[in-house]
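The values are calculated or read from the model by the stated rules, or taken from the named source; none is laboratory data. Because the structure is a prediction, the values reported are computed rather than measured. In this analysis, Cβ positions are derived from the backbone assuming ideal geometry, glycine residues included, and neighbour counts consider all displayed protein chains.
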Amino acid sequence: MKKHKAIKEGTTMKRKAAAALLAALTLSMAMNVWAAPSISQIIPENPQVVSGTLTGSQQLAVQNADPSAYADKTVADTVTWANDDNTVATIKEILTRLGLDTKAEFKDIFENKVNPTLYEQLTPFVDLVIKDGNNVSYASNGQIKAKITVEAAKEMKKEDLLLMQVDATTGKVYFMPIEEFDPVTGEITATFPTLGPITLLKKVPVVVRDTDPDKYESEKAKELVTKFADEKKDIELSDVLDVLKEENETVPETVAIKDKEDNDVEITVANYNSAMGFADLAIKQGQEDYLYDMDGTLEAEARRDLNDVDWERLVKEAYPEFDVEAAKADPSLLAELEPFTIPGSVILQVNPITGEEEYIYEPEISFAFEEEEAAEDTTKAADADATETADADTTETTAVAEQTAAKADSTAVSTEDADQENFWEVPDEDKEEDNVLPDLVLKAEYRTMGPFALFLEK
């Protein structure tokens with residue numbers, strides 16, 4: 001691994017910007033349900049039909065959104081509203097206006113799970129259409145694979161982008177992963193299941209931060225984090241549930257939760273206390289504001305400052321022979337440990353809107369430096385450059401073979417890519433810049449924004 005208010009910074013480009021956007025769009029296409037030339041053989045600056053369903057006079061084109069041409073009135077009204085200069089739209093609001101339940105599970109066109117409410121618009125809605133002279137058609141005879149160059153996507157990461165399309169006739173909504181991406185030019189390759197309005201989305205930033213009860217709607221959630229604001233460990237689970245219970249209730253002796261395989265697991269409340277203080281998950285809005293409402297789930301690695309956790313206890317649970325004293329003198333030793341899971345451990349989350357608790361059973365735990373990831377990205381980039389150079393020197397036979405293999409895989413997104421695209425790296429925003437310690441990293445599928453803490457059996 002959410003009632004959004006308006007995300008103000010870096011959100012929807014409005015209609016007045018659409019003309020400029022269109023000037024930056026170029027298309028090449030292949031109908032993936034029929035035999036077609038390799039996408040590399042098509043010149044993006046000269047769009048052309050490469051399959052038999054379009055006549056010689058037809059062209060795939062991108063134009064300003066024209067809601068008056070849509071058969072579905074709900075789609076027309078929603079696109080008109082979203083593209084209005086006075087609207088700052090969220091994807092949750094757009095989907096709701098289109099009649100979709102944002103708490104439901106969403107999948108992209110390749111059946112990979114996606115949470116669209118954790119994205120924001122990078123571009124306005126524009127129309128993908130077929131033109132034949134002066135005639136414009138929104139009717140397609142099959143999905144279209146296209147290359148689109150989007151100026152706004154330059155220097156971004158492939159895994160941070162997602163395309164959304166709405167069928168102008170049926171109102172059905174599609175989400176399309178980016179299959180190929182050039183961050184230098186902004187060229188995107190994706191498969192479009194239909195024609196009609198499209199928009200490019202980017203991930204919203206999610207951060208870990210100190211608890212902020214003023215942002216919560218739930219009085220119980222406010223009371224909880226206020227009570228334990230100064231605690232960095234050993235918070236009794238029974239004391240937490242005592243705060244969260246209803247007035248006439250008693251603290252339960254056991255709690256039934258689900259493990260990763262969706263099996264029922266029962267934990268004894270009195271046997272658990274925390275290995276960290278409460279911290280917040282939050283959606284960052286602009287530079288200084290945060291959102292705490294989330295629909296769906298967030299698959300993420302959430303980081304927390306090592307100073308705010310009982311890392312010694314975690315290490316002793318997982319690696320009894322590990323030299324803790326040596327790690328106190330040299331904390332970098334923690335980053336050398338392999339990721340681990342502590343049996344029976346749980347992340348407790350408290351919904352800041354409802355005050356309800358959520359449990360995540362046996363999250364993956366590790367320690368890591370932030371700069372390690374940057375180094376890995378640099379290494380990957382260097383490897384990619386080396387591969388590109390090597391490919392340029394291969395024989396024509398090898399090149400043809402590679403093109404054939406690429407064509408065979410053109411309609412699928414790898415599991416690794418899908419996992420990456422549906423995954424968030426969540427930094428600890430309150431970590432001091434001069435802090436050179438590794439972070440605690442908790443990898444899990446989070447159920448809500450707001451306060452969370454890691455609890456272990458005593």
I'd like to know if the range 194-203 contains one or more residues that are within 23 Å of residue 363 (Cβ to Cβ) and either at pLDDT 95 or above or assigned to a loop (DSSP other than H, G, I, E, B) (or both). yes
Residues (within 30 Å of residue 449 (Cα to Cα) and either in the same structural domain as residue 302 (by TED's automatic domain parsing) or among the charged types (D, E, K, R) (or both)) located in the range 150-200: 154, 155, 157, 158, 159, 160, 172, 179
Selection count, the range 282-338, where residues are among the hydroxyl-bearing types (Ser, Thr, Tyr) and closer than 30 Å to residue 114 by Cβ: 3
From the options 297, 268, 254, residue that is buried (at least 19 other Cβ atoms within 10 Å of the Cβ) and more than 16 Å from residue 441 (Cβ to Cβ): 297
When residues of the range 259-300 are filtered for being out of contact with any Gly (no Cβ under 9 Å at 6 or more places or on another chain) and of a type outside the set (D, E, K, R), how many remain? 20
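Sort out which residues of the range 232-287 are part of a helix (DSSP H, G or I), among the polar types (S, T, N, Q) and out of contact with any Asp or Glu (no Cβ under 8 Å at 6 or more places or on another chain), and write them in order of number.
238
Evaluate the following for residue 222: is it farther than 30 Å from residue 159 by Cα and either crowded, with 18+ Cβ neighbours inside 10 Å or modelled with pLDDT of 95 or more (or both)?
Answer is yes for this residue.
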Residue 25 being over 18 Å from residue 197 (Cα atoms), of a type in the set (A, V, I, L, M) and modelled with pLDDT under 85: no
When every residue in the range 118-127 that is not aromatic (Phe, Trp, Tyr) and not in a strand (DSSP E or B) is compared, the one surrounded by the most Cβ atoms within 10 Å (Cβ to Cβ) is 118
Out of (1) surrounded by 23 or more Cβ atoms within 10 Å (Cβ to Cβ); (2) in a strand (DSSP E or B), what's the single condition that is false for residue 130? (1)
So if I check each of 104, 76, 139, 71, which one is assigned to a loop (DSSP other than H, G, I, E, B), over 28 Å from residue 424 (Cβ atoms) and modelled with pLDDT of 90 or more? 71
Quick check on residue 440: is it surrounded by 17 or more Cβ atoms within 10 Å (Cβ to Cβ), more than 26 Å from the chain's Cα centre (by Cα) and modelled with pLDDT of 55 or more? no
Quick check: anything in the range 329-338 surrounded by 20 or more Cβ atoms within 10 Å (Cβ to Cβ), farther than 21 Å from residue 213 by Cβ, in the same structural domain as residue 244 (by TED's automatic domain parsing) and at pLDDT 95 or above? yes
